[in-house]
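K.L.:
First the structure, which I've put down as structure tokens, then a few questions once you've had a look.
Coordinate-derived values only; no laboratory data. As the structure is a prediction and not an experimental result, all values here were calculated from the model. Backbone-built Cβ (ideal geometry, glycine too); neighbour counts: all protein chains shown.
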Amino acid sequence: MRQSSALKIGDIELGQGLILAPMAGITDLSFRRIAKSFDVDLVTSEMVSSEGLVRNKASTKMLLQSHSEEKPLAIQLFGSDPKVVAEAARIAADEGADIIDLNMGCPVPKVVRQGAGAALLRDTATVAILVDAVRQAVSIPVTVKTRSGWSQSKINVLEVARVAEDAGADAITIHPRTARQGFSGSADWSLIAKVKQAVNIPVVGNGDVTRPEDVEKMRQLTQCDGVMIGRGAMGNPWIFNQARELIKGQAVSNPTPQERLDVVRRHLALYEESLHGRQSLSGVRSRLMWYSKRLRGSARLRASLSDCRHLGDMIKFCEDFFSTL
């Protein structure tokens with residue numbers, strides 16, 4: 001196996017460059033702490049509204065809560081007004097962010113309608129102004145996460161990458177699907193390789209990394225400096241340890257049913273802690289479902305959880321499920 005060189009973003013050393021992707025409603029504090037316990041090099045927050053931060057909206061500010069054990073932490077911001085995004089970056093830095101990541105790829109309509117997220121792929125002038133404004137506002141590293149383009153006929157990721165670098169970005173993450181694709185089809189990893197050749201800042205690859213073997217495969221095919229894992233880590237934080245084992249030329253170790261259950265219990269405890277005593281049955285239900293995916297009998301467990309209205313019963317269903325694996 002090729003021994004990868006260490007990833008460095010700004011002055012932050014990130015080892016093998018294994019990164020947890022930002023995922024709305026998923027990469028909350030509890031999940032980030034779980035991922036960190038499995039040797040991920042960098043965790044990223046859920047996507048945070050710059051407008052919400054600047055307006056001191058309580059639900060938005062809550063997304064900034066962090067813990068010392070998850071460091072270093074990247075906070076991902078979205079927005080289209082350079083002054084607002086710059087101010088939000090200052091707030092996030094003051095709250096403990098180690099890296100500010102700018103979302104320039106989210107295809108969700110309510111984000112795009114604001115001229116933010118993937119809408120910026122159609123406005124590279126604003127990309128430059130946004131990156132420069134944030135770069136001037138904070139002393140910590142600034143990164144950009146983007147897609148290949150707005151549509152298949154408008155692939156402009158090379159232009160976006162060069163513009164971001166020239167404006168002061170310290171690194172760029174490429175998810176090589178278009179905004180129109182969403183998560184359908186396949187990620188075109190060849191575009192990551194082209195960006196790597198076009199810029200001098202670190203390039204992180206993202207998209208279709210669902211198995212630990214995919215990490216080294218992406219590195220070999222694209223020569224990227226780091227690999228960001230999103231959906232492949234949902235209910236499967238072991239993927240980070242397993243990828244690291246493969247990088248070292250070691251055999252992959254799979255978790256036992258008991259180890260899976262222990263992580264589920266810890267995740268739920270951390271989730272409850274992050275809610276400060278409040279309960280969210282839907283949140284617990286979704287997290288329990290993550291950990292049962294692709295396991296024998298998981299459909300039956302999901303059906304039981306869907307109908308369940310009591311937290312204790314949900315946990316009992318889960319315990320029974322893992323005890324029979």
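K.L.:
Quickly rank 112-118, 9-15, 299-305 as a protection proxy: mean count of other C-beta atoms within 10 Å, highest first. Don't skip to the end; give the middle numbers.
P.N.:
Values: 112-118: 19.4, 9-15: 16.7, 299-305: 15.1.
Averaged packing, sorted descending, gives the order 112-118, 9-15, 299-305.
K.L.:
Once both axes come from the Cα atoms, what is the angle between helix 298-307 and the longest principal axis of the chain, in degrees from 0 to 90, rounded to 10?
P.N.:
90
K.L.:
For every other residue with a beta carbon closer than 11 angstrom to the beta carbon of Ala171, add +1 if it is Lys or Arg and -1 if Asp or Glu, then tell me the sum. Write out the running numbers ahead of the final one.
P.N.:
Numbers: positive: Lys8, Lys145; negative: Asp101, Glu165, Asp170, Asp225.
Local net charge: -2.
K.L.:
At a threshold of 8 angstrom on Cα-Cα distance, excluding pairs fewer than six apart, so keeping six or more, what relative contact order does region 8-247 reach in percent? Spell out each step's value before the answer.
P.N.:
Values: 534 pairs, mean separation 41.4, N = 240.
Reported relative contact order: 17 percent.
K.L.:
Now for a separate question. Glu69: net charge of surrounding residues, Cβ under 11 Å, Lys/Arg +1, Asp/Glu -1, itself excluded?
P.N.:
On the way: positive: Arg32, Arg33, Lys36, Lys71; negative: Glu70.
Overall, the nearby charge balance is +3.
K.L.:
Amide H neighbours of Gly149 under 5 Å, counting only residues 5+ apart in sequence or on other chains, H built in-plane at 1.01 Å?
P.N.:
Here the answer is Asn156, Ala179, since their amide H atoms fall under 5 Å of that of Gly149.
K.L.:
Could you work out how far helix 238-247 tilts from the main Cα principal axis of the chain, as a 0 to 90 degree angle to the nearest 10?
P.N.:
Orientation of helix 238-247: about 60 degrees from the principal axis.
K.L.:
While we're on this one: Once you keep just the Cα pairs under 8 angstrom separated by 6 or more residues, what percentage relative contact order results for region 257-323?
P.N.:
Numbers: 37 pairs, mean separation 28.1, N = 67.
Value for region 257-323: 42 percent.
K.L.:
Determine, for His267, His310, His67, the number of other Cβ atoms within 10 Å of each Cβ, and report the residues in order from fewest to most.
P.N.:
Values: His267 22, His310 9, His67 16.
With the fewest neighbours first, His267, His310, His67 line up as His310, His67, His267.
K.L.:
How large is ³J(HN,Hα) for each residue in region 284-292, as worked out from phi by the Karplus curve 6.51 cos²θ - 1.76 cosθ + 1.60 (θ = phi - 60°), to whole Hz, x for Gly and Pro?
P.N.:
Result, rounded to whole Hz: 5, 4, 5, 5, 5, 5, 3, 6, 9.
K.L.:
Let me ask something else. Specify whether the C-alpha gyration tensor of region 257-323 places it in the rounded, prolate or oblate class, a ≥ b ≥ c being the square roots of the eigenvalues: rounded for a/c under 1.5, otherwise prolate if a/b is larger than b/c and oblate if not.
P.N.:
Details: a/c = 2.03, a/b = 1.35, b/c = 1.50.
In terms of gyration-tensor shape, oblate.
K.L.:
Moving on. May I ask for the angle, rounded to the nearest 10°, between helix 311-323 and the longest principal axis of the chain, with both axes built from Cα atoms and the value confined to 0 to 90°?
P.N.:
Once rounded, one gets 80 degrees.
K.L.:
Cα-Cα over 25 Å: which of Lys8/Lys61; Lys57/Lys154; Lys71/Lys110; Lys8/Lys145?
P.N.:
Values: Lys8/Lys61 28 Å; Lys57/Lys154 36 Å; Lys71/Lys110 31 Å; Lys8/Lys145 16 Å.
Beyond 25 Å: Lys8/Lys61; Lys57/Lys154; Lys71/Lys110.
K.L.:
Next up: Give me a comma-separated list of calculated 3J(HN,Hα) values for region 7-23, in order, Karplus coefficients 6.51, -1.76, 1.60 applied at θ = phi - 60°, integers in Hz, x for any Gly or Pro.
P.N.:
Karplus-based 3J(HN,Hα) across region 7-23 equals 8, 10, 10, x, 9, 9, 7, 10, x, 6, x, 8, 10, 7, 6, x, 9 Hz.
K.L.:
Continuing with the same structure: What shape does region 55-130 take by its C-alpha gyration tensor, where a ≥ b ≥ c are the square roots of the eigenvalues and a/c under 1.5 counts as rounded, a/b above b/c as prolate, and the rest as oblate? List each step's numbers first, then the result.
P.N.:
Values: a/c = 1.94, a/b = 1.80, b/c = 1.08.
Prolate.
K.L.:
In whole Hz, what ³J(HN,Hα) sequence does region 46-55 give by Karplus (6.51, -1.76, 1.60; θ = phi - 60°), x for Gly and Pro?
P.N.:
For region 46-55, the Karplus curve yields 4, 5, 10, 6, 5, 4, x, 5, 5, 7 Hz.
K.L.:
Shifting gears a bit: Going by average Cβ density within 10 Å per residue, which order do the peptides 248-256, 173-181 take, highest to lowest? Intermediate values should be presented prior to the final figure.
P.N.:
Working: 248-256: 11.0, 173-181: 24.2.
The densest-packed peptide leads the list: 173-181, 248-256.
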